[in-house]
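Any read-out appearing in this document is the output of simple, stated calculations on the displayed coordinates, not a laboratory observation. Nothing here was measured: the structure is a model prediction, and the numbers come from that model. Cβ atoms come from the backbone with ideal geometry, glycine included; neighbour counts cover every protein chain shown.
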Amino acid sequence: MVSYATTTANMRLIEMHAPALTLKDFCDAYRVCRETAYQQIRAGRLRAVKLGRKTLILRTDAEAWAASLPELRTGGREQASA
């Protein structure tokens, strides 16, 4: 019988490869707050599913959301020279 230690590092490794993220894991991974995530879900830009009371975001949906974000454009304003 093989015994697996459930350390924080092991749990993070499992979460990185999980097919779905909890809302907290999504927010941590993409550096957005909970309210922003729910706003994106309500607006239809981020797909979420429910499993009981948990809100889950499939990894493919999280990646599609991130890919759909607008690119940062610079150069519209010129910097003031000192």
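Numbers below:
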{"read-out": "Amide H partners (placed H, <5 Å) of LEU58, local residues excluded", "value": "LEU21, VAL49"}
{"read-out": "Chymotrypsin sites (Phe, Trp or Tyr not before Pro) lying in DSSP loop within segment 20-70, provided at most 11 other Cβ fall within 10 Å", "value": "none"}
